[in-house]
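The values are calculated or read from the model by the stated rules, or taken from the named source; none is laboratory data. Just so you know, these numbers come straight off a predicted model, no measurement behind them. Please note: Cβ atoms are built from the backbone with ideal geometry, for glycine as well, and neighbour counts cover all protein chains shown.
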Amino acid sequence: MHAATGNHGKIAAALQAVLSRAGGALQSAVFPPRCHQCGTLPRQWPAAPGGYPHLCAPCHAALPWRPPAHAPVLSAHIARLYAPLEYAPPVAGWVRACKYARREALAPLLGALMAAATHDAPPDAETLATPVPLHWRRHLWRGFNQSALLAESWRAHFTAAERPAPPVRHLLRRVRATPRQARLDAEARRGNLRGAITLAPGAEETIAGRTVLLVDDVLTTGATLNECAAVLHAGGAARVEALVLCVTEQAAITLAVTDQQATVWAHAEPGGSP
Ligand SMILES: [Zn+2]
């Protein structure tokens with residue numbers, strides 16, 4: 001009985017792979033998509049930028065969304081921050097599974113959630129998106145840079161007319177392996193990163209006078225994003241924005257403070273919050 005079920009599973013998976021290659025419409029006709037969270041087959045999906053949202057309306061609404069007006073500015077280096085969700089269940093579990101359990105298949109769902117964040121005030125069409133870099137050793141060990149996957153998946157959720165240019169993968173380099181940020185406090189994180197990130201050779205030409213959108217999965221203290229943004233500004237970028245999937249509780253506290261400070265920063269959004 002179990003063997004038969006297992007074989008059916010394998011046949012279904014193989015068929016699904018073939019259909020997936022044949023085209024999305026055919027695949028969804030044979031295997032209508034289910035909600036990723038609760039497994040139901042919704043009669044109507046919630047409206048989502050770029051179509052398929054992966055979650056039914058109740059599961060989508062129940063996510064730990066952040067109030068939209070919060071934290072348009074992260075620091076003097078980052079002119080606008082998109083950060084739609086709190087790092088809380090079920091989002092936190094999806095991020096960890098994508099990153100540590102190599103469940104790259106979660107990237108389209110996470111990209112859809114990021115696209116929802118940029119839908120109302122999308123980055124300028126000329127903006128260069130780039131993932132926060134991993135050190136090559138960690139990249140090798142993990143097999144992929146989850147931020148690069150998220151950047152590509154986020155872009156896929158735009159309509160053809162509005163789609164930003166493909167993310168530029170190698171603008172920044174992590175030249176020094178740093179201890180896992182997750183284990184350090186805010187002060188240690190800043191020290192830990194000093195000099196760890198540089199521009200890739202030739203990147204100055206690409207970023208000169210441009211707006212760069214840094215893409216990452218989780219914002220904790222903002223130390224990594226700030227270091228990347230400082231390097232980009234020093235290399236000639238005109239403006240740096242950031243898009244993260246979610247923020248930790250610690251970051252949410254910092255962001256509440258920066259909201260109040262935003263108006264006095266030289267690089268703050270001209271005219272205030274979007
Ligand atoms: Zn659901």
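Which count do you get for residues in region 116-157 that are assigned to a loop (DSSP other than H, G, I, E, B), over 16 Å from Leu172 (Cα atoms) and in contact with a helix residue (DSSP H, G or I) (Cβ under 6 Å, 6 or more places away or on another chain)?
Of the residues in region 116-157, 1 are assigned to a loop (DSSP other than H, G, I, E, B), over 16 Å from Leu172 (Cα atoms) and in contact with a helix residue (DSSP H, G or I) (Cβ under 6 Å, 6 or more places away or on another chain).
What pairs come out if I take residues in region 175-204 that are polar (S, T, N, Q) and pair them with residues that are part of a loop (DSSP other than H, G, I, E, B) and modelled with pLDDT of 65 or more whose C-beta lies under 7 Å away, six or more apart or interchain?
Qualifying pairs under 7 Å: Thr178/Ala196; Gln181/Thr220; Asn192/Thr178; Thr198/Val175.
Identify, by number, the condition in (1) under 16 Å from the mean Cα position of the chain (by Cα); (2) away from the ligand (no atom under 16 Å from the Cβ); (3) at pLDDT 75 or above that Ala79 doesn't meet.
(1)
Is it true that Ala242 is under 19 Å from Leu128 (Cα atoms), surrounded by 15 or more Cβ atoms within 10 Å (Cβ to Cβ) and at pLDDT 50 or above?
Yes: the conditions hold for Ala242.
Quick check, is Pro84 over 14 Å from Asp216 (Cα atoms) and of a type outside the set (A, V, I, L, M, F, W, C)?
In short, no.
Would you point out which residue out of Leu109, Leu55, Leu113 is more than 19 Å from Val168 (Cα to Cα), in contact with a strand residue (DSSP E or B) (Cβ under 8 Å, 6 or more places away or on another chain) and within 16 Å of the ligand (Cβ to nearest atom)?
Criteria check complete, one pass: Leu113.
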